[in-house]
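Scroll down for the structure; my scribbles are underneath it.
No lab work stands behind these numbers, since they all come straight from the coordinates. Quick caveat, the model's predicted, so the values are computed rather than measured. Here the Cβ positions follow ideal geometry from the backbone for every residue, glycine too, while neighbour counts run over all protein chains shown.
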Amino acid sequence: MRLTPLIHAVVSAKTESELRSQLLNKAGYCTGSQAWGLDLLDYQQKIMASDLQGLPVSFCDRYQAIGRDQDITSQQMLRQHVPVKLCSLSTQKHPSNGMDDLFRTYHIEHGVVAPILGSGQLLGGIYFLRHQGYPPFKTRDLLRISTLCQHLAVQFTTLRFNHQASANHAVLTDRELEIVDLVAQGFTNREISHYLHISVDGVKQRLKRLYRKVGVANQAALVAKVK
């Protein structure tokens, strides 16, 4: 399967839920993987959502029981923020651990974990797994996965920004929204005071409250976030 239809589905998604669904339905087929998944992080870098295709729930339960910190490939990706290949288990050099034994139990031989980076932070990671008897991931596979991650980063960042902006918009009063609209039109504080029949100091105080409520430091950021 070509990557283009998947990228089109990714950039067309209207919500994070839809984006995750499109990704899980199609991503593995683009890389010849028998199993694949996605982990999304919140703003505190904690896992907020984890999806998996191609492996039973028992795999997830055992993975969690062993502990993510025992997954050497994922830990390397988290530290370096670059795609990392799982060494073929039949040729690996490091001592076997519980995670390796788990992969063998479920016939996993090859894997790739890649970061989704946006706005200067790690948004999550996507991983692809191949069973025993299938070829290892090659450079072209990593390039395709990296391209996919770039589009995912842009779309996840856009959807989260829009969601936050909608939330901010929802909690503002009609008068606050009116002030934001006037600021967006280029009105000065004095012009806003005349328009709303309040003092200039009153405008300044309202703007300060708006900054705190929306989480910005100036008028340009206020307009960008609310509008």
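In nm, give the distance between the simple-model label positions of residue 57 and residue 174, each being 7 Å from the Cα along the Cα-to-Cβ direction.
Going from the residue 57 label point to the residue 174 one covers 5.0 nm.
Which of the following values of Rg and Dmax of the Cα atoms in Å was calculated from the structure shown: (i) 23.4, 77; (ii) 18.8, 62; (iii) 17.4, 54?
Here Rg and Dmax of the Cα atoms in Å agrees with entry (i).
At 7 Å along the Cα-to-beta-carbon direction for both residue 154 and residue 72, put a label point, then send me their distance in nm to one decimal.
3.6
Could you put 149, 60 in order, starting from the residue whose Cβ has the fewest other Cβ atoms within 10 Å?
So the residues, fewest neighbours to most, are 60, 149.
Using Cα pairs closer than 8 Å and at least 6 residues apart in sequence, work out the relative contact order for the chain, in percent.
That works out to 17 percent.
Please identify which residues in the stretch 10-42 have an amide N closer than 16 Å to a label point set 7 Å out from the Cα of residue 122, following the Cα→Cβ vector.
38-42
Using a Gaussian network model on the chain with a 10 Å cutoff between Cα atoms, which of 137, 103, 128 fluctuates the most?
Checking each option, the largest mean-square fluctuation is seen for 103.
Pick out, in residue order, every one of the trypsin sites (Lys or Arg not before Pro) in the stretch 9-52 that is DSSP loop and has at most 10 other C-beta atoms within 10 Å; say none if there are none.
14, 46
Can you work out the FRET efficiency for the pair residue 45 and residue 143, with r the C-beta to C-beta distance and R0 = 25 Å, to the nearest 0.05?
Efficiency for this residue pair is about 0.40.
Choose one answer from 47, 126, 116: the residue with the largest mean-square fluctuation in a GNM of the chain with alpha-carbon springs under 10 Å.
Most flexible of the set in this elastic network: 47.
At what distance in nm do the modelled label points of residue 105 and residue 65 sit from each other, each positioned 7 Å from its Cα along Cα→Cβ?
If labels sit at residue 105 and residue 65, their model points lie 0.6 nm apart.
Give me the net charge for the shell around residue 195: Cβ to Cβ below 11 angstrom, other residues only, Lys and Arg +1, Asp and Glu -1.
That sum, taken over residues with Cβ under 11 Å, equals -2.
Net charge around residue 46, counting only other residues with Cβ within less than 13 Å of its Cβ (Lys, Arg = +1; Asp, Glu = -1)?
-1
Rounded to the nearest 500 deg cm²/dmol, what is the calculated helix-only ellipticity per residue at 222 nm for the chain, with -39500 (n - 2.57) per DSSP H run of length n ≥ 4?
-17000 deg cm²/dmol
With a 10 Å Cβ neighbour count serving as the proxy for reagent exposure, in which order, fewest first, do 187, 156 appear?
So the ranking, lowest neighbour count to highest, is 187, 156.
Considering lysine pairs in the chain that are 8 or more places apart or on different chains, how many have Cα atoms under 21 Å apart?
Lysine pairs satisfying the spacing and distance rule in the chain number 15.
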